[in-house]
Amino acid sequence: GIAWSVEQARTVASELGFPLVVRPSYVLGGRAMQIIHDETMLQSYLLDTVPGLVPEDIKQKYPNDKTGQINTLLGKNPLLFDTYLQGAIEVDVDCLCDAAGGGKTTYVAGVMQHIEEAGIHSGDSACSLPAYTLDRATIDELERQTAAMALALKVGGLMNVQFAIQDGVVYVLEVNPRASRTVPYVSKATGRPLAKIAARCMAGISLDRQGVEGEVVPPYYSVKEAVFPFIKFPGVDTILGPEMKSTGEVMGVGETFGEAFVKSQLAAGVRLPEKGKVFVSVRNSDKPRAVEMSRVLHGLGFQIVATRGTAAALAEAGVPATAVNKVAEGRPHIVDMLVNDEIAMVVNTVEETRSAIHDSYAIRRAALNDEIPTFTTMAGFRAAAIGMQGMRALEASSIQELHRRLDGAAAGPREDQR
C-alpha cells in the first residue's frame, strides 16, 4: 500500500493488517524504516518518527500544525507499506545477464543465505555463500526465478535480487538491475571478477564469448559480516532492525560454516569467548531456541546467567542457569556484572516496543563499552554457538590457495561440512 497522508496511512495499515513494514519512498539505507506491530506503534511512527524527516521550509510554512507538516511531506513523498513476513529466511542472489546486448544468457554468480532473518537490513546482516541450510531444490528455484527476471528486464551486466522464504514459499522482496554491495564479496568467494565481466556485457560482449558458464559453488564457506561504528557514537543502541547502521564489511572463510563465521567475527573485531559466563535474556517467542543454543554452550563448559523469566525457561528444559536482576529490579544487577567483567558474551532479544527496547538499552550499551560480544538476534546466537563448537581448530588459507581449489568445485561443500 501507498499512503499520501496520515489518514491514508492508517487506512492502508488497517487493510494490510499487522505486522507490517513502513518506510518513506525516497530514502536509502532503510532510513526511518520500521516494523510496525500494532496501532500504538503506528501512531508513534506517524507522529514521532515522520516529523523528523520534514524539511525546514515546510516547518516554517506550518509552524504550529504538525499534521499539516507531515501531510505536506507525504503529498510529495508517500509512505510505502508492506506485509511483514515473520520468521522468513532472507536470501541475496547476484547474477550476470547479457540481454541488453542482444544475448540471452544468464549466469548466477552467488546465492547468499542471510544469517539474520528478514527484517534486519541486508547491509547489516551477515550472510553465507554457499547457503548453509537451504536445500538444493530451493536454491534451484531461486536461480530459476532470478534468470527469468534478468531476461525479462533485459539486463545488461549485473543484477541483484533479494528473496524471502517463509514456510517453503519464495517471495521477491526487491530486484535491483545494478551491482550490489555483495559483488566484491561474491567475486572473492568464487574467484570470478564479476565487475569486469559485467562491464564487458554492458559493452555488448556476451557471456558465451567471455567463456563464462557453469555456476561456481565453492567447496568451502565464506561468511560476510557487517562492521558497525557503535562505539564511536555515545548513546547509540546496538539493536539491529530495518534501518541500516553498518559502515563496512569483512569476510571469513572456513571448511565449515562455523569456522567461517568465527573468522568473520574476528575480522569484524569480535572475539568469541572460549570460557566464562554467557548472559541470556530473550523475549518469550525466542525462549525455545534460546534453550537449544544455551544447552550447546553449557555442553562446551560455559555458565549460563539469565534474567528470571529466561532462567526459568532454561531450568524447566534442564539447562542450568543462574538468575540475575534486571536493572529495574535492584542491585546487584546484570549491568554490575558487565562492568565488573564477569560476563564473556551477551545474548539479548527484546519485544519490538519502545518500552522494551528502552528498558534493556543499558545492558547492550554496557556490553559495547566493555567490548563484550553481543548478539541481538536468535539467528546470530545460533551462528555463534555453531562457531564456538570448533573454535580451537581454526586454520588460515590465502585467497590464492582457495581459488586454486575451485576447479571442478561445482558440487559444493560435502554434507558433513554444512
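Stokes-Einstein D for region 137-217 at 4 °C, 1.567 mPa s, Kirkwood Rh over Cα pairs, in µm²/s? Present the calculation step by step, with values, prior to reporting the outcome.
On the way: Rh = 13.8 Å.
Value of D from the Cα-based Kirkwood radius: 94 µm²/s.
Given +1 on the Cβ of Lys and Arg, -1 on the Cβ of Asp and Glu, and no further charges, what dipole in debye does region 1-106 carry about its Cα centre, rounded to the nearest 20?
Values: 8 positive and 13 negative charges, 68 e Å.
Value, rounded to 20: 320 debye.
Going 7 Å from the Cα of residue 205 in the Cα-to-Cβ direction, what parts of region 99-129 have a backbone nitrogen less than 20 Å from that spot?
99-109
Restricting attention to the alpha-carbon atoms of region 328-403, what are Rg (one decimal) and Dmax (integer), both in Å?
16.7, 56
Looking only at Cα atoms, what is the convex hull volume of region 1-78 per residue, in Å³? Mind showing how you got there, number by number?
On the way: hull volume 6.2 nm³, N = 78.
Roughly 80 Å³ of hull volume per residue.
Mind checking which of 296, 402, 219 is farthest towards the positive end of the chain's charge dipole, using Cβ charges of +1 (Lys, Arg) and -1 (Asp, Glu) about the Cα centre?
Result: 402.
If you roll a 1.4 angstrom probe over the protein chains with everything in place, what fraction of the accessible area of the chain belongs to carbon and sulfur, to the nearest %?
Details: 9920 of 19360 Å².
About 51 percent, which is the carbon plus sulfur part of the accessible surface.
Considering the chain as a Gaussian network with a 10 Å cut-off on Cα pairs, which listed residue, 312, 189, 344, attains the greatest mean-square fluctuation?
312
Please express the Cα-Cα pair-distance distribution P(r) of region 80-126 as a list of whole percents, one per 5 Å bin, running from 0 to the bin with the greatest distance.
Bins of 5 Å from zero give 5, 18, 19, 16, 13, 12, 13, 5, 0 percent of pairs.
At what distance in nm do the modelled label points of residue 341 and residue 327 sit from each other, each positioned 7 Å from its Cα along Cα→Cβ?
2.3 nm
Nearest 20 debye, what's the magnitude of the dipole of the chain about its Cα centre given +1 on Lys and Arg Cβ and -1 on Asp and Glu Cβ?
Working: 41 positive and 49 negative charges, 152 e Å.
Roughly 720 debye for the chain.
Pop out the ³J(HN,Hα) list for region 390-403 in order, Karplus 6.51 cos²θ - 1.76 cosθ + 1.60 with θ = phi - 60°, rounded to Hz; leave Gly and Pro as x.
So the J values, rounded to whole Hz, are x, 5, 7, 10, 6, 10, 9, 9, 7, 5, 5, 4, 4, 5.
Could you state the number of Å between the C-alpha centres of region 165-191 and region 100-148?
A separation of 4 Å, based on Cα centres.
Using a 1.4 angstrom probe, figure out how much accessible area region 185-264 has per residue, in square angstrom, rounded to the nearest whole. Intermediate values should be presented prior to the final figure.
Numbers: 3360 Å² over 80 residues.
Value returned for region 185-264: 42 Å² of accessible area per residue.
Calculate the FRET efficiency for residue 196 and residue 277 from the Cβ-Cβ distance with a Förster distance of 45 Å, rounded to the nearest 0.05.
Details: r = 49 Å, r/R0 = 1.10.
Once rounded, the FRET efficiency stands at 0.35.
Based on a Kirkwood Rh over C-alpha pairs, give the Stokes-Einstein translational diffusion coefficient of the chain at 25 °C and viscosity 0.890 mPa s in µm²/s.
Numbers: Rh = 23.2 Å.
The diffusion coefficient I find is 106 µm²/s.
Taking the Cα-to-Cβ direction at residue 295 and at residue 213 and moving 7 Å from each Cα, how far apart do the two end points lie in nm?
5.0 nm
Dipole magnitude of region 69-200 about its Cα centre, charges +1 at Lys/Arg Cβ and -1 at Asp/Glu Cβ only, in debye to the nearest 20? Walk me through the numbers before you get to the answer.
On the way: 11 positive and 14 negative charges, 165 e Å.
The dipole magnitude comes to about 800 debye.
The values are calculated or read from the model by the stated rules, or taken from the named source; none is laboratory data. Note that the structure is predicted; figures quoted are calculated from it, not measured. Note that we place each Cβ from the backbone using ideal geometry, even for glycine, and neighbour counts take in every protein chain shown. With ligands, DNA and RNA removed, areas are computed over all heavy atoms of the protein, side chains included. Shrake-Rupley method; radii C 1.70, N 1.55, O 1.52, S 1.80 Å.
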